[in-house]
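One structure below.
The values are calculated or read from the model by the stated rules, or taken from the named source; none is laboratory data. The structure displayed is predicted, hence computed values, not measured ones. Every residue, glycine among them, receives a Cβ derived from its backbone with ideal geometry; neighbour counts consider all protein chains shown.
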There are 2 protein chains.
Amino acid sequence: MKSPQVRSPRKPKGQGAERREEILDAALRLFSAKDVHGVSTRQIAEAAGISQPALYAYFATKDDLIAELCVRAFAKLKARMDDGRSRWTPTPEMFDRAMMTYIDFALSEPDAYRVAFMVEKGPEGAFHARTGGRPMAAGMEAFQGFVAMIADLHAAGLTRDDDPLRLTQTLWAGLHGLVSLLIARSEFPWVEREALIAGHIAMLRRGALKG
Amino acid sequence: MKSPQVRSPRKPKGQGAERREEILDAALRLFSAKDVHGVSTRQIAEAAGISQPALYAYFATKDDLIAELCVRAFAKLKARMDDGRSRWTPTPEMFDRAMMTYIDFALSEPDAYRVAFMVEKGPEGAFHARTGGRPMAAGMEAFQGFVAMIADLHAAGLTRDDDPLRLTQTLWAGLHGLVSLLIARSEFPWVEREALIAGHIAMLRRGALKG
DNA sequence: AGCGATAATCTATCACTGATAACTTATCGC
DNA sequence: GCGATAAGTTATCAGTGATAGATTATCGCT
């Protein structure tokens with residue numbers, strides 16, 4: 001049985017950007033069911049209500065489309081982290097909250113997180129080269145907020161590691177490991193999730209901070 | 001310029017398994033240059049010196065071929081971890097060594113690690129369903145050794161977490177986060193690798209063990 | 001040595017993929 | 001109405017994973 005082939009009406013002259021948004025939304029929605037390689041440009045186009053070649057008026061390649069989602073995911077993460085920083089003070093309690101913010105983001109928007117952090121890129125950043133390094137740049141921006149927080153804790157004399165940048169990378173890796181496995185290997189026999197997350201954060205805090 | 005189309009001689013009657021090995025070797029070699037989706041069955045076949053459809057005499061699908069590599073990667077990891085356990089005693093020093101064994105494996109065989117832990121599987125373990133759950137089972141076996149070690153440390157009263165299984169999962173996540181990012185995002189401006197790894201292990205130890 | 005059986009492999013082909021070329025049509029300012 | 005052009009189309013390409021069916025080399029057996 002053929003699909004109903006429902007086409008979205010043609011956009012007025014200046015509204016190409018709007019269609020672009022619709023395409024990105026449709027794509028991200030499809031990426032939750034199958035992985036990035038499993039979703040075809042034809043499926044994306046149909047979900048957006050246009051023909052498949054019409055995609056290429058908005059994105060040069062499928063990678064560019066994915067890169068755009070990647071950038072937006074990083075921006076969302078940065079927004080959440082920055083939001084938390086309004087009440088920020090360098091204390092162990094706020095450290096826990098910051099870790100929780102990252103984990104919450106990843107688990108509440110797993111599709112965005114997958115696209116941003118877990119899409120296999122080609123060798124030595126070929127994906128980033130093809131996409132002009134924009135995802136990488138957006139990722140770095142999100143990372144900077146993280147760096148600043150740990151630097152605060154370091155300045156307050158609360159950290160055990162003498163190199164705050166190294167500590168930041170270590171903590172980020174610790175967080176990423178947990179959420180990426182929870183997202184990608186949900187069928188693994190994990191212990192109860194709340195307790196796992198709480199235990200993980202506690203371990204990171206004890207490993208990173210004094211006391 | 002066409003490739004030289006060099007074909008491996010036909011195998012004698014009972015030696016199909018040998019060809020199977022050659023295919024797997026060729027595939028893993030190709031997977032280091034491009035990611036799993038970037039390597040085609042035709043490329044694998046040519047590298048193995050046979051025609052593309054001939055692959056399907058040895059593997060029902062491309063996923064099955066990947067799953068076999070996955071199983072072997074887990075087996076390699078298990079072998080390394082088991083090997084380290086011959087000199088095992090529940091001490092902080094041996095804890096560090098065990099962590100290092102895992103990281104060493106991942107970084108010395110990044111292709112195997114990628115195939116085993118970082119290949120995006122479909123939704124809710126569709127990959128594992130399609131491949132009869134064999135990779136998952138192999139992974140669990142490798143994980144058991146890890147569980148046993150942490151249980152030893154727990155029995156010796158060295159751990160801070162009261163649930164050794166939860167702690168094991170937390171530590172595994174911590175290790176996986178670091179190595180998966182180092183492998184997949186090698187272009188990220190990491191601090192010096194040796195120091196990063198040492199710092200990471202130190203953080204995990206302080207977070208997991210008493211003292 | 002020659003025969004049947006069959007393992008090992010081939011060529012040809014399918015539906016589908018990302019991408020491009022060339023064409024059409026709706027909307028705009030004048 | 002008019003030309004200009006943004007927005008979209010259909011038709012097509014080379015490359016993908018996979019299948020069907022024919023072919024060839026190797027084996028055990030007489």
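Could you check segment B:15-32 and list, in sequence order, the residues that are without any contact (Cβ under 8 Å) to a residue 24 or more places away in the chain, within 20 Å of residue B:111 (Cβ to Cβ) and either within 8 Å of DNA strand D (Cβ to nearest atom) or more than 14 Å from chain A (Cβ to nearest Cβ) (or both)? If the condition is that a residue be without any contact (Cβ under 8 Å) to a residue 24 or more places away in the chain, within 20 Å of residue B:111 (Cβ to Cβ) and either within 8 Å of DNA strand D (Cβ to nearest atom) or more than 14 Å from chain A (Cβ to nearest Cβ) (or both), then B:21, B:25, B:26 are the ones that fit.
With a cut-off of at least 2 residues that are touching a Phe, Trp or Tyr at 6+ places or on another chain (Cβ under 7 Å), surrounded by 17 or more Cβ atoms within 10 Å (Cβ to Cβ) and among the hydrophobic types (A, V, I, L, M, F, W, C), name the helices (runs of 4 or more DSSP H) lying wholly within segment B:85-175.
Output list reads B:92-108, B:134-155.
Would you check which residues across segment B:183-211 are part of a helix (DSSP H, G or I) and at the interface with another protein chain (Cβ under 8 Å from one of its Cβ atoms) and list them? Within segment B:183-211, B:184, B:195, B:196, B:199, B:200, B:202, B:203, B:204, B:205, B:206, B:207, B:208 qualify.
Whenever a residue of segment B:33-57 is away from chain A (no Cβ under 14 Å) and closer than 24 Å to residue A:120 by Cα, its partners that are part of a helix (DSSP H, G or I) and within 10 Å of DNA strand D (Cβ to nearest atom), lying with C-beta atoms within less than 6 angstrom and at least six residues away or across chains, give the pairs B:41/B:52; B:41/B:55; B:41/B:62; B:42/B:52; B:45/B:52; B:45/B:55. Residue under question is residue B:44, and the condition is that it be crowded, with 16+ Cβ neighbours inside 10 Å and not assigned by TED's automatic domain parsing to the domain that holds residue B:143; does it hold? Yes: the conditions hold for residue B:44.
Matching residues to (1) under 19 Å from residue B:117 (Cβ atoms); (2) touching a Pro at 6+ places or on another chain (Cβ under 7 Å); (3) at pLDDT below 95; (4) more than 8 Å from every other protein chain (Cβ to nearest Cβ):
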| site | (1), (2), (3), (4) |
| --- | --- |
| A:94 | no, no, no, yes |
| A:104 | no, no, no, yes |
| A:121 | yes, no, yes, no |
| A:138 | no, no, yes, yes |
| A:148 | no, no, no, yes |
| A:166 | no, no, no, no |
| A:177 | yes, no, no, no |
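Selection of segment A:48-71 for residues being away from DNA strand C (no atom under 12 Å from the Cβ) and in contact with a helix residue (DSSP H, G or I) (Cβ under 7 Å, 6 or more places away or on another chain) yields A:48, A:68, A:69, A:70, A:71. Note on segment A:60-80: residues that are in contact with a Lys or Arg (Cβ under 8 Å, 6 or more places away or on another chain) and assigned to a loop (DSSP other than H, G, I, E, B) total 1. Residue B:35: within 16 Å of DNA strand D (Cβ to nearest atom), crowded, with 17+ Cβ neighbours inside 10 Å and on the phi < 0 side of the Ramachandran plot, yes or no? Here the answer is yes, as residue B:35 does meet what is asked.
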